[in-house]
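> Encoded as structure tokens, here's the structure I'll be asking about.
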Amino acid sequence: LPKSVFSPAASRSHLSIPATCRRASSVRTDCRVGSCWVVLNRVVTMVKKAGTSAGGSKSNGGGGVKKDPKNPKNAYFHYAASRREELKEMGIKASLINKKMGKEWREMEDEDKKPYIDMAKEDQQRYEREVEASDD
């Protein structure tokens, strides 16, 4: 698109949306970051965030986009969720938290992992129930 169709009013920072393409399925927007040109699918992202389709909204069930059930967590992710806050409070840098948790998990005995494995099994059962219910 020629630069003349870019609308400065639509710009929040250094990005702008072509005024003639606001209803297109995707918009090519260029943004100079050093020598790099970035292509964004801005309209698609906005539709995904809204979670609706032309038929209606999510809240009233009038043809809106139906969300899939949330995927189940594995045992490690249950462990990580419970341990992460403790490590943050200890003052460990965010970049080192995942490394530390991974090392702890690998060194854990199976007996210590059992509660997290049980949580993962329960989460898998929840997921399967929700998938079955959403198929109806």
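Conditions tested, residue by residue: (1) without any contact (Cβ under 8 Å) to a residue 24 or more places away in the chain; (2) loosely packed, with under 12 Cβ neighbours inside 10 Å.
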{"residue": "A75", "(1), (2)": "no, no"}
{"residue": "E89", "(1), (2)": "yes, yes"}
{"residue": "I92", "(1), (2)": "yes, no"}
{"residue": "Q125", "(1), (2)": "yes, yes"}
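> Taking I97 and the conditions (1) surrounded by 15 or more Cβ atoms within 10 Å (Cβ to Cβ); (2) of a type in the set (V, I, T); (3) at pLDDT below 55, which numbered condition does it fall short on, given that it satisfies the others?
(3)
> Exactly one condition in (1) at pLDDT 95 or above; (2) out of contact with any helix residue (DSSP H, G or I) (no Cβ under 8 Å at 6 or more places or on another chain) is false for M119; which is it?
So M119 meets the others, but not (2).
The values are calculated or read from the model by the stated rules, or taken from the named source; none is laboratory data. The structure displayed is predicted, hence computed values, not measured ones. FYI the Cβ positions are ideal-geometry reconstructions off the backbone, even for glycines, and counts take in every protein chain you see.
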